[in-house]
Amino acid sequence: PRLELAWAMKAHQHAQVYFNLISSVDPKFLNLTKVDDRIYEEFRRTFRELRVDVLDPEELKSEPAK
């Protein structure tokens, strides 16, 4: 139990550090991987009309969206 608690505490500390890092950067300048631009280009090629600023869960569940 002590080892599991120590692991959980360390994981929580790392999560806080990463959250603070990604929260302090403007998202348009944030790159998490070397291939972020390629991932985004492919996403946009596949989902040309999807508005990611306003997502409607019901719209995503519709037959045309599937």
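The values are calculated or read from the model by the stated rules, or taken from the named source; none is laboratory data. Just so it is clear, the model here is predicted, and its values are computed rather than measured. Cβ coordinates were reconstructed from backbone atoms using ideal geometry, including for glycine residues, and neighbour counts include every protein chain displayed. Accessible surface is based on the protein model in full, side chains and every heavy atom, while ligands, DNA and RNA are left aside. Shrake-Rupley method; radii C 1.70, N 1.55, O 1.52, S 1.80 Å.
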**Prompt:** In degrees from 0 to 90, rounded to the nearest 10, what is the angle of the helix 2-23 Cα long axis to the longest principal axis of the chain?
**Reply:** 50
**Prompt:** What accessible area per residue, rounded to a whole number of Å², is obtained for region 1-65 using a probe radius of 1.4 Å?
**Reply:** 103
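Below 15 angstrom from the Cβ of SER62, what's the summed charge of the other residues (Lys, Arg +1; Asp, Glu -1)?
Value of the local net charge: -2.
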**Item:** Accessible-area composition of region 1-65, carbon plus sulfur, in percent [1.4 Å probe]
**Value:** 61
